[in-house]
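Only one structure is covered here, and it is reproduced in the block below.
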Amino acid sequence: MHTTELGIIRIKRNLSLETDDVVDWCKNKLRSPSCIITRKGKNWYAVSDDTSSR
C-alpha cells in the first residue's frame, strides 16, 4: 500500500489524524479483526469500529 504526498495530506485531513505515518495507520486498521472490507463496483470500502489509533 502506498500513496503520494498529496494523498497523505488528504487522508490526514479527512480522517482528522495526528500521525505522520498515514500508510502504517491505514495498514493497521485494515489488519484489525473488527475491520469489514467490501467492494462496490471499482471502489473498496473499509469500516472499523476500533478508533483507538486516532
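Derivation of every value follows stated rules applied to the coordinates shown; laboratory data play no part. These numbers were taken from a predicted model, which means no experiment stands behind them. We place every Cβ from the backbone using ideal geometry, glycine too, and count neighbours over all the protein chains shown.
Structure notes:
- Cα centre as origin, Lys/Arg/Asp/Glu Cβ charges: the range 5-47 dipole, Debye: 380
- Dipole of the chain, positive end: most advanced residue of 17, 45, 1 [Cβ charges, Cα centre]: 45
- Simple spin-label estimate for residue 40 and residue 18 in nanometres, 7 Å along Cα-Cβ: 3.2
- Overall dimensions of the chain, expressed as equivalent-ellipsoid semi-axes from the Cα gyration tensor (√(5λ), whole Å, largest first), are 18, 15, 10.
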